[in-house]
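The values are calculated or read from the model by the stated rules, or taken from the named source; none is laboratory data. The structure presented is a predicted model; accordingly, all values stated were derived computationally and were not measured. Don't worry about glycine lacking a Cβ; one is built from the backbone with ideal geometry, like all the others, and counts go over all protein chains shown. Surface areas here come from the heavy atoms of the whole protein model, side chains and all, with no ligands, DNA or RNA. Shrake-Rupley method; radii C 1.70, N 1.55, O 1.52, S 1.80 Å.
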Amino acid sequence: MLKTLIVDDSTTFRKTFRSALYERFPFMLIEEAPGATEALQKIKTFLPDLIFMDISLPGENGLELTRRIKASHPEIAIIILTAYDLREYREAAYNGGANAFIPKNSLNLAVISALIKFFFSDDRCYDLHDSEKDGCP
């Protein structure tokens, strides 16, 4: 069973995304966290395999939180989901250990499904918007 954590400050986004994931992946166990403090608590108690992480969070931003999580749990796959589709954010995400970066305006479940299959195979880095990148830096 794949354990997934959605970290986003928008309750509406978390609930909508969670419902969409359940429809596509009924085998997933899904937890939610609105910010960094709650996410770190969930990681201790739930120990997810996969985290969907927003950049804009109360307290600590998702890029810093990703770096902290990867330092202590490098095995957790982290997908950055954000409204901020900027090259410097992508670079910061990958430098912090993120496995993928997806702008929310191009999010679809077929892509998520492909990424999940991809991440839980041998190669764990993929950028949907950079065809020249075939591995994390």
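Values for this structure:
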quantity	calculated
Which numbered condition Ala71 misses (of (1) touching a helix residue (DSSP H, G or I) at 6+ places or on another chain (Cβ under 8 Å); (2) open to solvent by 70 Å² or more (accessible area, probe 1.4 Å))	(1)
Output for segment 12-67, where each listed residue is of a type in the set (Gly, Ala, Ser), buried (at least 18 other Cβ atoms within 10 Å of the Cβ) and in a helix (DSSP H, G or I)	Ala36, Ala39, Gly62
Out of Ile6, Ile76, Ile55, Ile43, sole residue that is in contact with a Pro (Cβ under 7 Å, 6 or more places away or on another chain) and modelled with pLDDT of 95 or more	Ile76
